[in-house]
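All remarks here apply to the structure that follows.
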Amino acid sequence: MRVVLKRFAEGLAELVYPSRAECMGCGSRAGMPRSWLCEECRVALASRWTGPGQPPEGGLFDGAAYAYKYGGPAAGMVRNLKYRGVKRLSEGMGRAMAKAFEGLGNAGAELLVPVPMHPKRLRQRGFNHAAVLAERAGSELGLPAAEALARVRDTRQQARLTGEERRRNMDGAFEVVRDVRGRRVVLVDDVCTTGSTANACAKALREAGAAAVYLLCYAVAEEE
């Protein structure tokens, strides 16, 4: 029965978001011959490749990697996964994230941990996009993913806040709910903007005894 339901859901997703009908980067409906992106967006996305990058300020991370600079087709991919629920995008996104993380060399990572959503928002959206990306990237890297963090405060949306407001908004927002003592953890999210959310998560993981904390995101905001 579970297999039947899964196939039904996949078939329904294909009807709603046919894989070659709309570009997930720019919205073009010209038809995609090879992937979710039109040829122009494929070229543009490749030009924004990042790989290993600078962690957010604060000294809480041992390293960071990002697949792409945010904007253009990368932003389109994120929005379509996050707000339209096109989860099938996570396959290519997770593969790109794994490739970016491999650029850090032998980091000795043991566990991928997604940035959590507050239960209220999780009920509204129906899924945690960071958890989906962590599962996909973990599968590519041969590493397990586990929801070891919980969001204990329903914080305001970060996009509407200034840098300092974002930091204060995240203070005490997360707690560790699984044993991470002595483990080398990779925190996973879709986009790193100012790093306030990532730093708050890293602080909780450090205080819980994580031996190392890395950051892995699909995209990183460009410095202004």
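Figures for the structure shown
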| read-out | value |
| --- | --- |
| Solvent exposure ordering (accessible area, 1.4 Å, most first) of Thr194, Thr50 | Thr194, Thr50 |
| Anchor Lys69: lysines whose Cα lies under 22 Å away (excluding residues fewer than 8 positions away in-chain) | Lys82, Lys87, Lys99 |
| Stretchable slack from Arg153 to Glu102, in nm (0.36 nm times residue separation minus alpha-carbon distance) | 15.0 nm |
| In Å², nearest 10: area of Glu207 left accessible to a 1.4 Å probe | 140 |
| Point-to-point label distance, Ser28-Gln54, nm (Cα→Cβ direction, 7 Å offset) | 3.4 |
| Alpha-carbon centroids, the range 26-90 and the range 101-116: separation in whole Å | 18 |
| Probe 1.4 Å, protein heavy atoms only - accessible area per residue of the range 178-224 in square angstrom | 42 |
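The values are calculated or read from the model by the stated rules, or taken from the named source; none is laboratory data. Keep in mind it's a predicted model, so treat the numbers as computed, not measured. Methodologically, a virtual Cβ is constructed for each residue, glycine included, from the backbone with ideal geometry; neighbour enumeration extends over all protein chains shown. Heads up: the accessible areas ignore ligands, DNA and RNA and are worked out on the full protein's heavy atoms, side chains in. Shrake-Rupley method; radii C 1.70, N 1.55, O 1.52, S 1.80 Å.
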